[in-house]
């Protein structure tokens, strides 16, 4: 699970070369809206572009759990400033790894509040 710690540390620091080192060449990311990004360079470029636009971005990892078959589930929250307030988005991410221990797949699920 060290690769995930390095991945999240690099994301917080906006250290894109370090983040790229955690990813398999053919990494596949599927976002919460079924949006897809394929390939290491495309994924790093995507994250760098998105995070740069998020005011006062904060990433808090709550727990990392290894799962059978060599994957992992990560519960986290991303927080930004929006409309004069802090806005927190809790998420669950499913990770798969390649034979070298790099991240080969990321599937992102957003936890939402029940309708009011």
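When the residues of the range 33-53 are narrowed to those that are surrounded by 15 or more Cβ atoms within 10 Å (Cβ to Cβ) and touching a strand residue (DSSP E or B) at 6+ places or on another chain (Cβ under 6 Å), which ends up farthest from residue 103 (Cα to Cα)?
Applying the filter and picking the extreme gives 46.
Restricted to the range 70-98, and to residues that are modelled with pLDDT under 95 and in a loop (DSSP other than H, G, I, E, B), which residue is surrounded by the most Cβ atoms within 10 Å (Cβ to Cβ)?
Among those residues, the one meeting the criterion is 70.
The values are calculated or read from the model by the stated rules, or taken from the named source; none is laboratory data. What you see is a predicted model; the values in this text were computed from it and never measured. Backbone-built Cβ (ideal geometry, glycine too); neighbour counts: all protein chains shown.
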